[in-house]
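The values are calculated or read from the model by the stated rules, or taken from the named source; none is laboratory data. Nothing here was measured: the structure is a model prediction, and the numbers come from that model. Heads up, the Cβs are rebuilt from the backbone with ideal geometry, glycines too, and the neighbour counts pull from every protein chain shown.
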Amino acid sequence: RQEPGNRYAHERGQFCCDASDAHREGQRSPQIIHGLATVLTALMGVPLAWFLARTEFRGKSIVDSLLTVPIILPPTVVGYLLILLLGVQSPIGVVLNSRFGFRMLFTEGAAVLAAVVVAFPLLLIPARAAFADIERELEDMARLMGAGPLRLFWHVSLPLARRGIAGGLLLAFARSLGEFGATVMVFGVTRKTLPILIWYENESSSLSAAAPAVCVLLVVSLSVIFIFHRAGFARRER
């Protein structure tokens, strides 16, 4: 008869083996994953923040809620929803697998997506507030001088909202760097982002091996918060 502890160790080891297929293919540096997540968050979040700050439409409150709810959802719930969305039995998963032979789960792309989802509200909220604070007269004047929508956004709105955007990007990067719950569900326990590495070493009773990763996250987190307050990103532009 197998003891409960041995059975747990066996099941945990089996799960690690099942998730290790993608691991054998090689993995990118965690810094690249978090950096790419921040870039994608910026590319999607900044234009969307400007659109939401300048446009009224039916159902806007629902869109706002869906975009910002990850900030209060437990990360494991976010991971669960991503599994439902991207799993091999989901409509998206079926299309990706049947047409492209690609499975999203347990890939670097899944880790990037998880980081983007949890970090997105931390950029969207301050960036939208920064765009909303811009005096409409300045944009109206630019329109009278012949500026089109793209030029207006790039040369007027974006520079005026730069402080809120920069602060949001800083927080989004820090959040993606510290993401664990959603990432471990869609990326696997054998993948070594820094938070997963800390958890893995703790489960292996090797706390000393996790110390470097803990120090890195502490230094980065404290640096981000220091820069955020020192540079005045928390203050709205006038």
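A few comments on the model shown:
- The C-beta contact set for the stretch 162-184 (first residue among the aromatic types (F, W, Y), second residue in a helix (DSSP H, G or I), distance under 7 angstrom, 6+ apart or interchain) comprises F173/H34; F173/T38; F180/P75; F180/P195; F180/I196; F180/W199.
- For L138: the one exception among (1) surrounded by fewer than 16 Cβ atoms within 10 Å (Cβ to Cβ); (2) farther than 30 Å from G232 by Cα: (2)
- Residue ranges of helices (runs of 4 or more DSSP H) in the stretch 86-168 with at least 2 members at pLDDT below 85, over 24 Å from the mean Cα position of the chain (by Cα) and acidic (D, E): 136-144
- Condition check for V69: at pLDDT 95 or above and over 29 Å from R162 (Cβ atoms): no
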